[in-house]
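Notes for the one structure printed next.
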Amino acid sequence: MSKPVKAIPAERLPELLRRMPKAELHIHIEGSLEPELIFALAARNGVQIPYASVEELRKAYAFTNLQSFLDIYYAGASVLLKEQDFYDMAWAYLERAAADNVVHAELFFDPQTHTARGVSMETVIDGLHRACTQARLELGVDASLILCFLRHLSEEEAFETLEQALPFRGKFIGVGLDSSELGHPPEKFARVFARCRELGLHLVAHAGEEGPPAYIWTALDLLKVERIDHGVQSTKDPALMQRLAKERVPLTVCPLSNLKLCVFPQLADHNLRELLDAGLCATVNSDDPAYFGGYMNDNFLQTFAATGMTAQHAYQLAKNSFEASFIDAKQKDAYYELLDATFAAFA
Ligand code: ADE
Ligand code: ZN
């Protein structure tokens, strides 16, 4: 339990949520491609997209489940060809994150979406990494990269992707597992993750977004991940809840994503508050902000308004985001101090 936070009138809570420093740990950088940038890159690269206008593309963002979103998300990423395109996409996100007082960000990227179209691993990683380096210098945002394997593809393709990425090992800090969850359980990638572990990479995986609690157990026990991305299905399994709380396994929860992909019928039904109150290290994240209607602060503001969470929850969520991040203990302490100073100054 975090230290008590003084009560704040409900009308001032949005300002506190906006102002508090926070880390974002679950953002697919390809999911930050706004329709305007998709059209600009399509024109720049001479790529055809099957939508007549930005408005028409936005109208297509009516999803019924994860797969209905992924089909459009992979189509949107087809405009990315050059190093500058990857840089422009990441820079736009990092500027937006800085405006939301995100001081630390760990960005997912999906190299297989690009290498399958003939774009080199070097092009992808160099463009994204250049934006991260510049963000540290110019925006005060500490940003790093996590390479995700697409779980609808084979183990062999994941191993090939790892081999292609190893020359750039110094430019990413870990690996993750994303894409279509149902029918692609974590164990499919146990050997790839074992190899990544030997290489000293951090390990995370999407589990329990749409899939059953069993996928969370196997992500922990077979993949040996350090964080679970989403994990909202864990409230269906009391033994799992106990374990997650006891071991402080972080869950990178994405409320607006869960709403848009119909995981919960309404934001008021979201279980974030239940996860926090049960002592889990839950965090708030945007997942694919260009597609789900909001960046970090939109996620905080809308979720707090819908669920009636308090300043105490806000403090806990921000603290959890630093606790769950892949930074050293000294850097974590510096962020906790910054957080405490922000709350203390918020009179
Ligand atoms: N790739 C991008 N967003 C995703 C999500 N919410 N779940 C799984 N894979 C993804
Ligand atoms: Zn995700």
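The values are calculated or read from the model by the stated rules, or taken from the named source; none is laboratory data. Every value quoted in this text rests on a predicted model; they were computed, and no experiment measured them. Note that we place each Cβ from the backbone using ideal geometry, even for glycine, and neighbour counts take in every protein chain shown. Each accessible area value is taken on the protein alone, full model and side chains, heavy atoms only, with ligands, DNA and RNA left out. Shrake-Rupley method; radii C 1.70, N 1.55, O 1.52, S 1.80 Å.
Across the range 256-269, the qualifying residues are those that are more than 15 Å from ligand 1 (Cβ to nearest atom) and touching a residue at least 24 places away in the same chain (Cβ under 8 Å), and the one among them that is surrounded by the fewest Cβ atoms within 10 Å (Cβ to Cβ) is Gln266. Do you know which residues across the range 288-308 are open to solvent by less than 10 Å² (accessible area, probe 1.4 Å) and outside any helix (DSSP H, G or I)? Within the range 288-308, Asp288, Gly294 meet the criteria. Report yes if some residue within the range 278-287 is part of a helix (DSSP H, G or I) and either open to solvent by less than 20 Å² (accessible area, probe 1.4 Å) or closer than 18 Å to Leu17 by Cα (or both); otherwise report no. Looking for residues that are part of a helix (DSSP H, G or I) and either open to solvent by less than 20 Å² (accessible area, probe 1.4 Å) or closer than 18 Å to Leu17 by Cα (or both), one finds none in the range 278-287, hence no. For the range 1-58: of the residues being touching a residue at least 60 places away in the same chain (Cβ under 8 Å), surrounded by fewer than 16 Cβ atoms within 10 Å (Cβ to Cβ) and aliphatic (A, V, I, L, M), which is nearest to Asn320 (Cα to Cα)? Of everything passing the filter in the range 1-58, Met1 is nearest to Asn320 (Cα to Cα).
Looking at the range 155-255, the strands (runs of 3 or more DSSP E) lying wholly inside it that each contain 1 or more residues that are open to solvent by 20 Å² or more (accessible area, probe 1.4 Å) sit at 202-207.
Listed conditions (1) farther than 22 Å from Ile228 by Cβ; (2) more than 16 Å from ligand 1 (Cβ to nearest atom) are all met by Val102, apart from (1). Inspection of the range 143-150 identifies no residue that is more than 16 Å from ligand 1 (Cβ to nearest atom) and open to solvent by 40 Å² or more (accessible area, probe 1.4 Å).
What helices (runs of 4 or more DSSP H), lying completely within the range 65-132, carry at least 3 residues that are out of contact with any Ser or Thr (no Cβ under 9 Å at 6 or more places or on another chain) and buried (at least 18 other Cβ atoms within 10 Å of the Cβ)? Once the helices (runs of 4 or more DSSP H) in the range 65-132 are filtered for at least 3 residues that are out of contact with any Ser or Thr (no Cβ under 9 Å at 6 or more places or on another chain) and buried (at least 18 other Cβ atoms within 10 Å of the Cβ), what remains is 83-99. The set of residues in the range 98-114 being of a type in the set (A, V, I, L, M, F, W, C), closer than 16 Å to Tyr73 by Cα and over 16 Å from the mean Cα position of the chain (by Cα) is empty. A single entry from Arg12, Arg18 fulfils the requirement of being in a helix (DSSP H, G or I), farther than 21 Å from Tyr87 by Cβ, more than 16 Å from ligand 1 (Cβ to nearest atom) and touching a helix residue (DSSP H, G or I) at 6+ places or on another chain (Cβ under 8 Å): Arg18.
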